[in-house]
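Okay, structure first, notes after.
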């Protein structure tokens, strides 16, 4: 039920950074300037990884929401933990969607420059 302490630590370790897939020192739009023809599959791979992370985060969000619903009203502390997990995962999901939007924009720009 909900996120365990180890699961929460894993989230903080993995997603506490600015972005898991896009390095903070390099803008995502620099990737489209590669002369290497393998840059396209690299961007597709990043997009697939972000989609996988979104799927896992949506599952965790669904579980946290259900745990809030089924927790009895007198278990305030437990319910507060589940609500905190829900808000944390929702914020993480919002960041993943922003990363996905940036990747899609780069892929679209790269494909429009090619044709």
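Observations
- Annotation for residue 51 and residue 77: the two label points, set 7 Å from Cα along the Cα-Cβ direction, are 4.3 nm apart.
- Sites residue 66 and residue 105 - FRET efficiency at Förster radius 25 Å, r taken between beta-carbons, to 0.05: 0.15
Every number in this text was worked out from the coordinates using simple rules, so none of it is lab data. Since the structure is predicted, the reported quantities are computational estimates derived from the model, not experimental observations. So basically every Cβ, Gly included, is an ideal-geometry build from the backbone, and we count neighbours across all protein chains shown.
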